[in-house]
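The values are calculated or read from the model by the stated rules, or taken from the named source; none is laboratory data. Since the structure is predicted, the reported quantities are computational estimates derived from the model, not experimental observations. Note: ideal-geometry Cβ built from the backbone for every residue, glycine included; neighbour counts use all protein chains shown. Accessible surface areas use protein heavy atoms only, side chains included; no ligands, DNA or RNA. Shrake-Rupley method; radii C 1.70, N 1.55, O 1.52, S 1.80 Å.
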Amino acid sequence: MSGDGITSGDYIKHHLQNMTYGQHPDGSWGFAQSPEAAKEMGFWAFHVDSLGWSLALAAVFFFIFRKVAKNPTTGVPGGLQNFVEMMVEFVNSSVRGSFSGRNDIVAPLALTVFAWVFLMNFMDLIPVDWLPMIAQQIGAAFGADPHHVYFKVVPSTDPNITFGMALGVFWLMLYYSIKIKGLGGFLGELAFQPFGKVGTPVNLVLEGVSLISKPVSLALRLFGNMYAGETIFILIALMYGGGLAIGAFGGLLQLGWAIFHILIITLQAFIFMTLTIVYLDMAHTDH
Amino acid sequence: MNINATLIGQSIAFFLFVWFVMKYVWPPLIAALDERKATIADGLAAAEKGQHEQELAEKAAEKHIKKAKLQASEIVTQAQKRASEIVEEAKEGAREEVDGIKKTAAAEIDQEVNRAKEHLRQQIASITIAGAEKVLKREIDESAHSDIVDDLITQI
């Protein structure tokens, strides 16, 4: 798979680079042709691949669930409705177990987070070269140099995506904290706990760190797990270039890792959902 | 792995999808689930009620059957009693009839016997007269001696 004249290092780097669309330093807009070019684009650039897959997967999730929700039967459910109801029940029981307040947004939020993160993680199970190769063919058809068509298919291995979702959760936390406890209550929680009014500066540092750490840990946990998993898939894929025996062993390894990964992707989605619920519960209760 | 505007895009998409799900997906599904839950609960309650009713009906049926059995045995004993009564009555009737028939038969027989005796007596009288007539042909006057003959007849 590491084609002619490409070293293993190049292969890995190529796989870990997003397809970036943004403004070149010379002022023109376009796709970055190299990791360096992508870096030079600065903040106002988009990872077309992760964002695209993320939106596409969210759309898949939304349309499947919407299809059932449009006219759900209250009698005996069919296969798809059964599946959807199972997910809804699962999320609903998780929310009931962890969330003590009353807020209509939490359960849909948890469902969205769980399904979306799961689908994004699921892209990890697709062999690492399939979709990038198709993308290179398409890129070549549009006249681009195939070697410079970068394509990363697992959105949750892009920290932008995980941070994007974690920040979304973070804004909701802040919003409901202030809405429920009032601005004074929220700031008071930051300033006067756990050491009382005397220790306000220490309290601010402690509580501030614990507040900031919530979205950061949420995003980095998912990102770290999926990034590590994907890197191992890429490393295994490298073995296919090492002859028949090593390649066959690589196939075995990939199968094993993929089976193990089924657990990881589900677990990570579940953790993300549960922490989202817990964080929002903390926003709703005094502590 | 640069942090860039993808972050903002994903955040916006996140809020949009959460809103979509909250608006278009979650409420109808939860409503359907709740409705089914209610239906199932109703069904279970109805089933329990039905079972209870069935138990009651079984008890009532058992009672009815017991009563019916009792009545049936009563009827059977009554019928047996009545039957033996009828048999007895029939026997009695038959005996009476037999006696009656016997009596009339005996009376008829007596009558016949008397009639035959009378007849015989008359015949014997006439035969005796005829015999005596032949014996005494010439010298006996029928009218003079008829009182003797009548006296004879009465003595037979």
Original post:
Among A:125, A:109, which is the only one that is open to solvent by 10 Å² or more (accessible area, probe 1.4 Å) and modelled with pLDDT of 85 or more?
Top reply: A:125
Subject >> Number of the condition not met by residue B:154 [criteria: (1) within 30 Å of residue A:89 (Cβ to Cβ); (2) open to solvent by 90 Å² or more (accessible area, probe 1.4 Å); (3) of a type in the set (Ser, Thr, Tyr)] >> reply: (1)
Subject >> Hey, residue A:225 in a helix (DSSP H, G or I) and over 29 Å from the mean Cα position of the chain (by Cα) or not >> reply: no
Subject >> Members of the range A:128-162 found to be within 18 Å of residue A:257 (Cβ to Cβ), open to solvent by 10 Å² or more (accessible area, probe 1.4 Å) and not aliphatic (A, V, I, L, M), listed by number >> reply: A:129, A:130
Subject >> Selection from the range B:21-40 of residues that are open to solvent by less than 60 Å² (accessible area, probe 1.4 Å) and hydrophobic (A, V, I, L, M, F, W, C) >> reply: B:21, B:25, B:26, B:29, B:30, B:31, B:32, B:33, B:38
Subject >> From A:69, A:115, residue being over 28 Å from residue B:7 (Cα atoms) and of a type in the set (Gly, Ala, Ser) >> reply: A:69
Original post:
Taking the range A:85-104 as the search range and keeping residues that are more than 9 Å from chain B (Cβ to nearest Cβ) and outside any helix (DSSP H, G or I), which one is nearest to residue A:172 (Cα to Cα)?
Top reply: A:103
**OP:** Among the candidates A:212, A:246, A:232, single out the residue that is open to solvent by 50 Å² or more (accessible area, probe 1.4 Å), assigned to a helix (DSSP H, G or I) and over 30 Å from residue A:12 (Cα atoms).
**Re:** A:212
Original post:
Given the residues A:252, A:222, A:267, which is the only one that is open to solvent by less than 30 Å² (accessible area, probe 1.4 Å), out of contact with any His (no Cβ under 8 Å at 6 or more places or on another chain) and at pLDDT 90 or above?
Top reply: A:222
Original post:
From the residues in the range A:68-81 that are facing another protein chain (nearest Cβ under 10 Å) and open to solvent by 30 Å² or more (accessible area, probe 1.4 Å), which one is modelled with the highest pLDDT?
Top reply: A:70
Original post:
Which members of the range B:26-41 meet the condition of being more than 8 Å from chain A (Cβ to nearest Cβ) and of a type in the set (Lys, Arg)?
Top reply: B:37
Subject >> Sole residue being part of a helix (DSSP H, G or I), β-branched (Val, Ile, Thr) and at pLDDT below 95, chosen from B:124, B:65, B:75 >> reply: B:124
Subject >> Search result, residues across the range A:47-57 that are facing chain B (nearest Cβ under 7 Å) and either of a type in the set (Ser, Thr, Tyr) or crowded, with 22+ Cβ neighbours inside 10 Å (or both) >> reply: A:47, A:50, A:51, A:54
Original post:
Within the range A:194-211, is there a residue that is under 24 Å from residue A:18 (Cα atoms), modelled with pLDDT of 90 or more and in contact with a helix residue (DSSP H, G or I) (Cβ under 8 Å, 6 or more places away or on another chain)?
Top reply: no
